[in-house]
Amino acid sequence: MSLFVWILRSWLVLWLLAALAGVAHSQQEKDTAASAYAAAVKLQNAESYKAAADAWVKFLKDFPAESRADRAHYYLGICHLKEK
């Protein structure tokens with residue numbers, strides 16, 4: 001096996017491992033976001049509006065680009081209305 005082929009195979013293996021690690025990290029972040037979202041929903045459903053508002057703020061701070069961020073903003077507003 002030539003040196004070029006060996007280097008090419010090595011880079012391919014390293015690239016594949018890096019891609020797999022990125023997928024695993026991405027899934028872990030999605031799971032963490034889902035857990036934080038569910039916790040905020042649970043607080044809001046229990047009518048603990050102050051705690052829910054704090055949870056929504058933390059969710060938005062930790063996951064600003066999450067697909068449910070628009071709903072989190074909406075529910076945060078609902079919590080503020082219910083607190084008054």
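Summing +1 for each Lys or Arg and -1 for each Asp or Glu among the other residues whose beta-carbon sits under 13 angstrom from that of residue 77 gives +1. The modelled label-to-label distance between residue 54 and residue 31, using points 7 Å beyond Cα along the C-beta direction, is 2.7 nm. Over the residues of the chain, the helix contribution to mean residue ellipticity at 222 nm works out to -30000 deg cm²/dmol, using -39500 (n - 2.57) for each DSSP H run of at least 4.
Using a simple spin-label model with pseudo-atoms 7 Å out from Cα toward Cβ, residue 73 and residue 42 lie 2.7 nm apart.
Values in this text are rule-based calculations from the coordinates and carry no lab data. Since this is a predicted model, take the numbers as computed values, not measurements. All Cβ positions, glycine included, derive from the backbone under ideal geometry; neighbour counts span all protein chains shown.
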